[in-house]
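For reference, the structure is listed below as structure tokens.
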Amino acid sequence: MPATIKPQGKLTFLTKFAFGMGDFWTSIGNIAMATYLTMFYTDVVRLSPSMVASMLLVVRLVVAFWDLTVGILVDQTKSRWGKARPWMLFGGIAYGIAFLFLFLDPFGNSLAGVIYAWSVYAIVNVAYSTVNVSYASLTSLLTADSDEKTQLNIFRMTIANVGAMLVYVLAMPVVNAFGGTSIGWSVFFGVIAVMIPFGYWFTFANTHEIASAEPAGGESGKVSVGGHFKALVRNRYWWLTLGLNFALWTYNGIANGMAAYIAKYVLGNSNLTAVIGLATVIPMVIGLPFAGPLVARFGKRNSSMAGLVLVAAGSLLVFIDPSNLWVFFVSIIVRMIGIIPMNAALNAMSGDVVEYGEWQSGVRSDGIVFSSSSFSMKVAMGVSSAAIAWVLGASGYDGSRATQSAATVSAMVNTFVWVPVAMVVVMAVLLFFYDLDGRIGQVGRELAARRA
């Protein structure tokens, strides 16, 4: 049966907004785990940094393989709701329930506390992967139009940063209102947990898959898992986007995860986490809506490459005076402006990879492409979270102290600067080899002709 994809079909504002709202909740969960969870474990539960590092890395790496499983399940699913939407809905419900237990401290720094932390963190990540992979897969299932995919990603990233902004503004004031005890953490993040399932239901109810039929020249339901991966291995753009996802999320993980420690121990006020957070998300919220014309005019690769120059320059500005709030503020704003094109383009690149893969091999792998991107992201987040904890442990960090040693403060600042700079170099090299922008138009036209 021919596919029902409409390559040039335009999506309604409601569809784009509802799609974007899905990332509102994944962003909140991601910020919670990347920015606040390590501090909760080290400063409230008083678990050792080395143990926390091991947990963050091992769980993320193991659960990353579940991402690939979800991608396979999405590609093999056929239902009246489509391929991805049912997994997103029920995964969102499970995610909300599991998240309710994440910022609780029932056992303190004991063996039971360690077992509880490992167990809950693992369950939350399994649920998060289920909803995040299926949600991301919707990008190529809602439309085959490359520009529309970019618009979907802009809606997604803009709304995600609004969610992040709310967390940054509210989290520490609410926590500190309860004296910094575990109760404040549980109240703030518990309220979010209750709201999560309703958020994903809104996205589910207001989006419809129109690109989930069989690909041109093949029957995706009869393609084995090995067949999907065999086709993808020959798709060089798949490899490039995997690398870009890893580098971008390592950058994000270090920047977000170290921010709370920078505020508390370098700038001397934990409430400044909100200021750093606002400097992180406001440029994204303002700039992302303008990224669409920029990306459309210069292409995903070229606009991203230009932005990375600002990211590197902004990172190095910190060394002017690491203890000055305004220096940090300007530094973060500059590098966040620079990363806007990359954030606007990357998810759309994965959508183009799906189209190119179908054109190249006749095998359409929406779920596996986006799950492998999520896999790469999950590995990057695990590595970056563990790296932060390892750096803290190696530098003599003690979560029970109000101030840290000069060596620890220096380690925080250097990690905050040099790891992002290194990731900028990696992204620039990978983008140099990404030339799909100039080919995707012809790919889309040929696919449309095959389906006619």
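Which residue out of Ala407, Ala402 is over 30 Å from Leu141 (Cβ atoms), in contact with a Ser or Thr (Cβ under 7 Å, 6 or more places away or on another chain) and surrounded by fewer than 24 Cβ atoms within 10 Å (Cβ to Cβ)?
Only one candidate qualifies: Ala407.
Just name the residue that is nearest to Ala263 (Cα to Cα) out of those in the stretch 277-291 that are buried (at least 17 other Cβ atoms within 10 Å of the Cβ) and not hydrophobic (A, V, I, L, M, F, W, C).
Gly277
Output the residue which, of all residues in the stretch 10-23 that are in a helix (DSSP H, G or I), open to solvent by 10 Å² or more (accessible area, probe 1.4 Å) and touching a Leu at 6+ places or on another chain (Cβ under 9 Å), is nearest to Phe155 (Cα to Cα).
Narrowing the stretch 10-23 to residues in a helix (DSSP H, G or I): 13-23.
Checking the rest, the ones that are also open to solvent by 10 Å² or more (accessible area, probe 1.4 Å) come to 13-17, 21, 23.
Subset that is touching a Leu at 6+ places or on another chain (Cβ under 9 Å): 15-16.
On the way: Thr15: 10, Lys16: 6 Å.
Checked the stretch 10-23; the qualifying residue nearest to Phe155 (Cα to Cα) is Lys16.
Let me confirm something: among Ala448, Ala389, Ala422, Ala380, which residue is over 25 Å from Arg236 (Cα atoms) and either within 19 Å of the chain's Cα centre (by Cα) or part of a helix (DSSP H, G or I) (or both)?
Result of the check over Ala448, Ala389, Ala422, Ala380: Ala389.
Based on what the data block shows, is Gly113 in contact (Cβ under 8 Å) with a residue 60 or more places away in the chain, assigned to a helix (DSSP H, G or I) and open to solvent by less than 60 Å² (accessible area, probe 1.4 Å)?
Yes.
Mind checking which residues of the stretch 422-442 are at pLDDT 95 or above and of a type in the set (Val, Ile, Thr)?
Matches in the stretch 422-442: Val424, Val425, Val426, Val429.
Against the definition (more than 29 Å from Leu73 (Cα to Cα) and open to solvent by 40 Å² or more (accessible area, probe 1.4 Å)), how does Gly438 come out, yes or no?
Spelling it out, Gly438 is indeed more than 29 Å from Leu73 (Cα to Cα) and open to solvent by 40 Å² or more (accessible area, probe 1.4 Å).
Listed here are the residues, each with its yes/no results for (1) among the small types (Gly, Ala, Ser); (2) surrounded by 24 or more Cβ atoms within 10 Å (Cβ to Cβ).
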| site | (1), (2) |
| --- | --- |
| Val52 | no, yes |
| Ala64 | yes, no |
| Ala84 | yes, yes |
| Ala94 | yes, no |
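The values are calculated or read from the model by the stated rules, or taken from the named source; none is laboratory data. Nothing here was measured: the structure is a model prediction, and the numbers come from that model. A quick note on method: Cβ atoms are made from the backbone with ideal geometry, for glycine too, and the neighbour counts reach across all protein chains shown. Quick note on the areas: whole protein, heavy atoms, side chains included, nothing else; ligands and nucleic acids left out. Shrake-Rupley method; radii C 1.70, N 1.55, O 1.52, S 1.80 Å.
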